[in-house]
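Each remark here refers to the structure printed beneath this line.
The values are calculated or read from the model by the stated rules, or taken from the named source; none is laboratory data. Quantities reported herein were computed from a predicted structural model and do not represent experimental measurements. Here the Cβ positions follow ideal geometry from the backbone for every residue, glycine too, while neighbour counts run over all protein chains shown. Accessible surface areas use protein heavy atoms only, side chains included; no ligands, DNA or RNA. Shrake-Rupley method; radii C 1.70, N 1.55, O 1.52, S 1.80 Å.
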Amino acid sequence: MIGVFDSGVGGLTVLRALVARLPEERFLYLGDHAFAPYGRRPADEIYALTRRAVDRLFREGCGLVVIACNTASAVALRRLQQAWLPTAWPDRNILGVFVPVIEALSGRKWTAPGPTRYSPRRPARTVAVFATRTTVQSNAFGRELKARAPHLTVLQQACPRLAEAIEEGWAQEDIDRGIARYVGAVMAKAGGTPVDLAVLGCTHYPLVQDLFRKHLPEGVTMLDQPTLCADGLADYLGRRKRFARRADEPAGASRFLTSGDPEAIALISERFFGAAVPFEHLRGDLPPQGGDEAAAAEPPAG
Ligand code: DGL
């Protein structure tokens, strides 16, 4: 089983693409609705919340967890992989949603040699990234792109409250006005240099990608993060077969867990997943938050 974690409902946009690309795999989705949104929380808190959710997915039997949340990927993934996973769950792995996008932007695979399948219309020089405030403050996109594609100029734009506005179903005109402002801010930062690519670096933004499209200048290529993640996961499972479904295991059928109110979430899930989702409340508490040392000292069950 493959775990998919998000702060709330937005990760369903990623799961939808994963299910479409890998229909035989079994996914277990966990939305931490009780603590969403993460985009306004401090990094240490996001780290602790993400760690306990990932731990829970491992305890539920997932071998691999995809952190579908950009904010959690930006501030928690690297620390989890380096400081927690090797002692707490040495035989499991965690992936995020940045690597496939950075591979596409840099035109280079993260580990294996060779170019990526994605090829821009023209050699890209300037990339606009729209994300939550915490993702932008973490500079995760900027840092990785500087290392892997130093020729690219990255313009990052925080879109405070945009994810909440989308989730709460604000009027289209209000959302449109906000997006116009964010795109305007990026164009001002570009200062006349053409923007070649745009990344919507938040799980909620695919729902309003037409509005971003409308305000971005013509000729800007928008990367589809969920599809890139699905291609990335398919590629990863092809190389790491032990995380993929075995032929003797049942195929398909995802399950959906939430730390929040399953009925309320089921009502909004359709906009994110394309079909209403039967969420179940997490049985039992998530393990307490604590330091890496505390987690490493706790022997994992299973
Ligand atoms: N899932 C978050 C992300 O992709 C957006 C919602 C939140 O702030 O929790 O950044």
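Summary of values
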read-out	value
Among residues of the range 246-260, those that are touching a residue at least 12 places away in the same chain (Cβ under 8 Å) and either closer than 17 Å to residue 203 by Cα or over 22 Å from the mean Cα position of the chain (by Cα) (or both), counted	5
Per-region count, the range 164-174, residues among the hydrophobic types (A, V, I, L, M, F, W, C) and open to solvent by 60 Å² or more (accessible area, probe 1.4 Å)	1
Within the range 125-161, tally of residues that are open to solvent by less than 10 Å² (accessible area, probe 1.4 Å) and either aliphatic (A, V, I, L, M) or within 22 Å of residue 265 (Cβ to Cβ) (or both)	7
Qualifying position, being open to solvent by 70 Å² or more (accessible area, probe 1.4 Å), closer than 24 Å to residue 14 by Cβ and at pLDDT 95 or above, among 213, 177	213
Answer from 232, 260, 201 - the residue that is within 15 Å of the ligand (Cβ to nearest atom), buried (at least 22 other Cβ atoms within 10 Å of the Cβ) and among the small types (Gly, Ala, Ser)	201
Qualifying helices (runs of 4 or more DSSP H) (wholly inside the range 134-190; at least 3 residues being under 20 Å from residue 74 (Cα atoms) and away from the ligand (no atom under 16 Å from the Cβ))	140-148
Hits in the range 16-38 (condition: within 12 Å of the ligand (Cβ to nearest atom) and open to solvent by less than 10 Å² (accessible area, probe 1.4 Å))	31, 32, 38
Selected residue (only one of 206, 226 is touching an Asp or Glu at 6+ places or on another chain (Cβ under 8 Å), part of a helix (DSSP H, G or I) and not small (Gly, Ala, Ser))	206
Total residues in the range 39-66, condition in a loop (DSSP other than H, G, I, E, B), over 23 Å from residue 271 (Cβ atoms) and within 12 Å of the ligand (Cβ to nearest atom)	1
